[in-house]
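K.L.:
Provided herewith is a single structure, encoded as structure tokens, for subsequent inquiry.
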Amino acid sequence: EMIFEQILIGGDRNYAYLVGDETTKRAAVADPAYHPEKMLARAKELGLKVVYLINTHGHPDHTSGNDHILAETEAELISGKVKDGAVYSLGKVELKVIHTPGHTTDSICVLATAAGEVGQLITGDTLFVGKVGGTGFGADAEAEYESLHQKLMVLPPDTQVWPGHNYGVAPSSTIGNELKTNPFILRESFEAFVDLKRNW
């Protein structure tokens, strides 16, 4: 079974995540920026060994805990440098990397899955609950629009959405719910999407 915890880590309502496999006790931490020690303490409480460190993108409010985690564990770093679609195993729980450029060129989302369980999608600053990540109005916005529609909205509707910040109306959502309610996703064209960004 999957262990999955969302932890408010400081900064501007930043979220960090702990994903583990109950059987193997192998785990990953995502974006443990401001209080990496808190993440490691929680992993220890649950008897988990941190083997992966995920960065959804390179901004300091997501990466500043890296040095501490890498010094205290033997974790391997999963970031935008790894290839799109790469899969990392915790045991029965698998982590799949989805390249989602837009907010930054190195933005990724990570889908945690285990047979018979709902997928848990760590979206970083690509998708928030009812909102999307900040971009300009040019090529970066276009990249984000494509990432959202071609990479994320095609996932099973019951997939849980776990954002990088508590910016929305709730701490988490689902792909199905975002398809129905997120004003940015509901825009019928890229032009309309950018228009909403300009006038948000």
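K.L.:
Among the residues of the stretch 34-53, is there at least one that is touching a residue at least 60 places away in the same chain (Cβ under 8 Å), of a type outside the set (Val, Ile, Thr) and out of contact with any helix residue (DSSP H, G or I) (no Cβ under 9 Å at 6 or more places or on another chain)? Write out each step before concluding.
P.N.:
Of the stretch 34-53, the ones touching a residue at least 60 places away in the same chain (Cβ under 8 Å) are none.
Within the stretch 34-53 (the criterion being touching a residue at least 60 places away in the same chain (Cβ under 8 Å), of a type outside the set (Val, Ile, Thr) and out of contact with any helix residue (DSSP H, G or I) (no Cβ under 9 Å at 6 or more places or on another chain)), the answer is no, since none of the residues qualifies.
K.L.:
Could you check how many residues of the stretch 72-81 are surrounded by 15 or more Cβ atoms within 10 Å (Cβ to Cβ) and over 15 Å from the mean Cα position of the chain (by Cα)?
P.N.:
Within the stretch 72-81, the subset surrounded by 15 or more Cβ atoms within 10 Å (Cβ to Cβ) is 73, 75, 78-80.
Narrowing the set further to residues that are over 15 Å from the mean Cα position of the chain (by Cα) leaves 73, 75.
Selection size over the stretch 72-81: 2.
K.L.:
Report, by residue number, each residue of the stretch 103-134 that is open to solvent by less than 30 Å² (accessible area, probe 1.4 Å) and part of a loop (DSSP other than H, G, I, E, B).
P.N.:
104, 107, 114, 119, 125, 126, 129, 130, 133
K.L.:
Hey, another quick one. Mind checking which residues of the stretch 2-24 are under 20 Å from residue 63 (Cα atoms) and β-branched (Val, Ile, Thr)?
P.N.:
7, 9, 19
K.L.:
Out of everything in the stretch 135-155 that is among the aliphatic types (A, V, I, L, M) and open to solvent by less than 10 Å² (accessible area, probe 1.4 Å), what residue ends up being farthest from residue 86 (Cα to Cα)? Please lay out each step first, then the result.
P.N.:
Within the stretch 135-155, the first condition is being among the aliphatic types (A, V, I, L, M), and the residues that meet it are 139, 141, 143, 148, 152-155.
This time we only want the ones that are open to solvent by less than 10 Å² (accessible area, probe 1.4 Å), so: 141, 148, 152.
Working: 141: 25, 148: 19, 152: 16 Å.
By that ranking, first place goes to 141.
K.L.:
Could you go through the stretch 61-71 and let me know if any residue there is of a type in the set (Asp, Glu), surrounded by 14 or more Cβ atoms within 10 Å (Cβ to Cβ), within 14 Å of the chain's Cα centre (by Cα) and modelled with pLDDT under 95. Working first, answer last.
P.N.:
From the stretch 61-71, those of a type in the set (Asp, Glu) are 61, 67; that's our starting set.
From what's left, surrounded by 14 or more Cβ atoms within 10 Å (Cβ to Cβ): 61.
Those still in the list that are within 14 Å of the chain's Cα centre (by Cα) too: 61.
Those still in the list that are modelled with pLDDT under 95 too: 61.
Checking the stretch 61-71: at least one residue is of a type in the set (Asp, Glu), surrounded by 14 or more Cβ atoms within 10 Å (Cβ to Cβ), within 14 Å of the chain's Cα centre (by Cα) and modelled with pLDDT under 95.
K.L.:
One residue is enough: does the stretch 93-100 have a residue meeting the conditions of a type in the set (Val, Ile, Thr) and surrounded by fewer than 18 Cβ atoms within 10 Å (Cβ to Cβ)? If you could, list the steps in order and put the result at the bottom.
P.N.:
Narrowing the stretch 93-100 to residues of a type in the set (Val, Ile, Thr): 93, 97-98, 100.
Going one step further and asking which of them are surrounded by fewer than 18 Cβ atoms within 10 Å (Cβ to Cβ), we end up with none.
Scanning the stretch 93-100 turns up no residue that is of a type in the set (Val, Ile, Thr) and surrounded by fewer than 18 Cβ atoms within 10 Å (Cβ to Cβ).
K.L.:
Related question: Please state which one of 94, 188, 142 is touching a residue at least 40 places away in the same chain (Cβ under 8 Å) and acidic (Asp, Glu).
P.N.:
Details: 94 fails: touching a residue at least 40 places away in the same chain (Cβ under 8 Å); 188 fails: touching a residue at least 40 places away in the same chain (Cβ under 8 Å).
Exactly one residue qualifies, and that residue is 142.
Residues are listed down the side, and each one gets a yes or a no for (1) touching a Phe, Trp or Tyr at 6+ places or on another chain (Cβ under 6 Å); (2) more than 17 Å from residue 186 (Cβ to Cβ); (3) of a type in the set (A, V, I, L, M, F, W, C); (4) modelled with pLDDT of 95 or more:
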{"residue": "112", "(1), (2), (3), (4)": "no, yes, yes, yes"}
{"residue": "123", "(1), (2), (3), (4)": "no, yes, no, yes"}
{"residue": "127", "(1), (2), (3), (4)": "no, no, yes, yes"}
{"residue": "149", "(1), (2), (3), (4)": "no, no, no, yes"}
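K.L.:
Separate question: Mind listing just one residue for me: the one in the stretch 3-28 that is charged (D, E, K, R), closer than 10 Å to residue 91 by Cβ and touching a residue at least 24 places away in the same chain (Cβ under 8 Å) and, of those, least open to solvent (accessible area, probe 1.4 Å)?
P.N.:
Of all residues in the stretch 3-28, those charged (D, E, K, R) come to 5, 12-13, 21-22, 25-26.
Imposing the further condition that a residue be closer than 10 Å to residue 91 by Cβ reduces the set to 21-22, 25-26.
Then keep just the ones that are touching a residue at least 24 places away in the same chain (Cβ under 8 Å); that gives 21, 25-26.
Numbers: 21: 1, 25: 80, 26: 83 Å².
In this case the residue turns out to be 21.
K.L.:
Scan (1) within 28 Å of residue 144 (Cβ to Cβ); (2) open to solvent by 20 Å² or more (accessible area, probe 1.4 Å); (3) touching a residue at least 12 places away in the same chain (Cβ under 8 Å) for the single condition residue 87 breaks and write down its number.
P.N.:
(3)
The values are calculated or read from the model by the stated rules, or taken from the named source; none is laboratory data. Predicted model, so just to flag it, every value in this text is computed and none were measured. Note that we place each Cβ from the backbone using ideal geometry, even for glycine, and neighbour counts take in every protein chain shown. What goes into the accessible areas is simple: the full protein's heavy atoms, side chains included, and nothing from ligands, DNA or RNA. Shrake-Rupley method; radii C 1.70, N 1.55, O 1.52, S 1.80 Å.
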